[in-house]
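First the structure, in the form of structure tokens, and then the observations on it.
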Amino acid sequence: MPKEQTSAAAYTAKNAWTVYKDEAVRATMHSFCDDYIDFLSSCKTERETIAYCERVLKEHGFSSNPADRAYVTTLRGKALFALRRGSRPLSQGVHIIAAHGDCPRLDFKQHPIVEQAGFAQAKTHYYGGLRKYQWLARPLALHGIIAKDDGTVVPVCIGEQPDDPVFAIEDLLPHLAQKQVTQTVKEAFEGEKLNIILGNRPKEQKDGDEEGGSCPESVKSAILDLLFERYNVREEDFISAELQVVPAGRAAYVGLDRSLVGGYGQDDRICVYTALRALCDMDKDQDANCALIIWDKEEIGSDGATGASSRFFSYCLEDVLQAQEPATPLRHVHLASKALSADVTAGLDPDYQDAHEKTNAAALGFGTCFEKYGGSGGKYGSSEAHAEFFAELRGILNRRSIPWQAGELGRVDHGGGGTVALFLAAWGMNVIDCGPALLSMHSPFELSSVVDIYSAYMAYKAFYEA
Ligand code: MN
Ligand code: MN
């Protein structure tokens, strides 16, 4: 189209690569993403994520005393609240960024270990929305803790070191899948078949033991012996364990041009990492009070003590108020606060473009994405951001030349999704969703864009410093 046909008043989102084109900026951006890839590769559970964030914040001077200017606290190792005081009183509100540290995965059941057809397997119950077939026939790792009845806690991480074994769920060979391929996806892949292969070697036969390898559950017995020798845990200990099966291996750059990052858990650890770095790197003499919240349980509806529907966040603010500004009522802080619900959205999928309404779809490479509303079936379940607040944020990013875009999750009535935004909105504060778009969301290998990662970091920093 000739240029003169475009109105000067027209809007098009800028491709972020055209904004971040300076060599030095690109070097900074890639070095940021190198660190992000390391983070993503080492933090695969909410506990690992919270421990990482708490450690980094403490290295940046955050203390566990709510009377201090920089304060961090955690709940059950699964949720985190951090606050950096500015020069303004708390009665004028807090700039809050809230992300979630939990991701879809396969959890061990309470009675996980079984033996079928000579294989010891662990039965799982999936956590969050996932496409079951994506977890078959690929290397898996086991992360979590085993809490024993004497109070000791055994940390578990198997499948990530180069000499570690990995785990797997088998899949049916195509030769024998003729019936399966005619079924619906829902029928073809059952939750009860997501069983993790733990071993195939029967228990060694002792002298005088007639049955040996032929005794029932001999492979399971051998695995239990191994677990006892190596971790000093018994089968009963699994009843109360938190063991999560996640994709094994590291995150990586994707594409010949290294323009994308692929890895497990980017929903929502991409926002956890960029917001954490923003809070650590921001101007320390800023006016605004800045908070970071990392919640758990978002992928299963935000219920639970460590989820966004709990009182945890309010209790933390109350502690800070009591220590620093006891005359200010908590509700005044809530009402005066501004929040970014930092979560990912769906990017336009090149092979499934008709799942999106292209004018309003987010695209990878166009900067962090604002979502004014989410929900489904007529914005149901969405808190929807107010026009004035969204406009104010546009202004903050535009003045700093930070690329951003606006989008919604998919075509009207094609599904939908929610975030923690409505839990923040419940306190009366201004809130909007803001985070990078992903491809293959909720899969074992989610894709994000290098420029969007950097843009989210810059946007969160600008929001804190505004
Ligand atoms: Mn999310
Ligand atoms: Mn999600």
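The values are calculated or read from the model by the stated rules, or taken from the named source; none is laboratory data. Everything numeric here is computed off the predicted structure, so don't read it as measured data. Ideal geometry is used to build each Cβ from the backbone, glycine not excepted, and the neighbour counts take in all protein chains shown. Remember, those area values only see protein heavy atoms, side chains included, never the ligands or the DNA or RNA. Shrake-Rupley method; radii C 1.70, N 1.55, O 1.52, S 1.80 Å.
Just a few scattered comments:
- Some residue of the stretch 413-424 being assigned to a loop (DSSP other than H, G, I, E, B), within 16 Å of ligand 2 (Cβ to nearest atom) and under 24 Å from residue 262 (Cβ atoms): yes
Conditions (1) within 21 Å of residue 264 (Cα to Cα); (2) surrounded by 12 or more Cβ atoms within 10 Å (Cβ to Cβ), marked per residue:
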| residue | (1), (2) |
| --- | --- |
| 149 | no, no |
| 162 | yes, no |
| 169 | yes, yes |
| 187 | no, no |
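- Residue check, residue 347 in contact with a Lys or Arg (Cβ under 9 Å, 6 or more places away or on another chain), open to solvent by less than 10 Å² (accessible area, probe 1.4 Å) and within 16 Å of ligand 2 (Cβ to nearest atom): no
- Of residues in the stretch 425-438 being under 16 Å from residue 463 (Cβ atoms) and either away from ligand 1 (no atom under 14 Å from the Cβ) or open to solvent by 10 Å² or more (accessible area, probe 1.4 Å) (or both), the one nearest to the chain's Cα centre (by Cα): 433
- Cβ separations smaller than 7 Å between residues 6+ apart or across chains give the following pairs from the stretch 274-299 residues that are more than 14 Å from residue 457 (Cα to Cα) and open to solvent by less than 30 Å² (accessible area, probe 1.4 Å) to residues that are at pLDDT below 95 and away from ligand 2 (no atom under 16 Å from the Cβ): 288/466.
- Within the stretch 252-291, the set of residues being within 16 Å of ligand 1 (Cβ to nearest atom) and either at pLDDT below 95 or not in a helix (DSSP H, G or I) (or both) comprises 263, 264, 265.
- Candidates are the residues of the stretch 36-89 that are touching a helix residue (DSSP H, G or I) at 6+ places or on another chain (Cβ under 8 Å) and within 20 Å of residue 445 (Cα to Cα); the one that is most open to solvent (accessible area, probe 1.4 Å) is 42.
- Residue in the stretch 374-420 that is nearest to ligand 1 (Cβ to nearest atom), counting only those that are surrounded by 12 or more Cβ atoms within 10 Å (Cβ to Cβ) and among the charged types (D, E, K, R): 408
- Residue match in the stretch 301-311 (condition: open to solvent by less than 20 Å² (accessible area, probe 1.4 Å), within 16 Å of ligand 1 (Cβ to nearest atom) and of a type in the set (Val, Ile, Thr)): yes
- Test: residue 330 is open to solvent by 20 Å² or more (accessible area, probe 1.4 Å), away from ligand 2 (no atom under 16 Å from the Cβ) and within 24 Å of the chain's Cα centre (by Cα): no
- Residue, nearest to residue 19 (Cα to Cα), within the stretch 330-366, restricted to residues that are within 16 Å of ligand 1 (Cβ to nearest atom) and not β-branched (Val, Ile, Thr): 362
- The strands (runs of 3 or more DSSP E) located wholly in the stretch 78-133 that include 2 or more residues which are closer than 20 Å to residue 51 by Cβ and under 18 Å from the mean Cα position of the chain (by Cα) occupy 79-84, 94-100, 105-116.
- With respect to (1) within 16 Å of ligand 1 (Cβ to nearest atom); (2) surrounded by fewer than 20 Cβ atoms within 10 Å (Cβ to Cβ); (3) not charged (D, E, K, R), the lone exception for residue 441 is condition (2).
- Residues that are polar (S, T, N, Q), within 19 Å of residue 306 (Cβ to Cβ) and outside any strand (DSSP E or B) within the stretch 40-77 comprise 45, 49, 64, listed in sequence order.
- Some residue of the stretch 191-208 being within 22 Å of residue 300 (Cα to Cα) and open to solvent by 30 Å² or more (accessible area, probe 1.4 Å): yes
- Every pair of residues 6+ apart whose Cβ atoms lie under 9 Å, when the first sits in the stretch 222-245 and is hydroxyl-bearing (Ser, Thr, Tyr) while the second is outside any helix (DSSP H, G or I) and open to solvent by 70 Å² or more (accessible area, probe 1.4 Å): 240/110; 240/149
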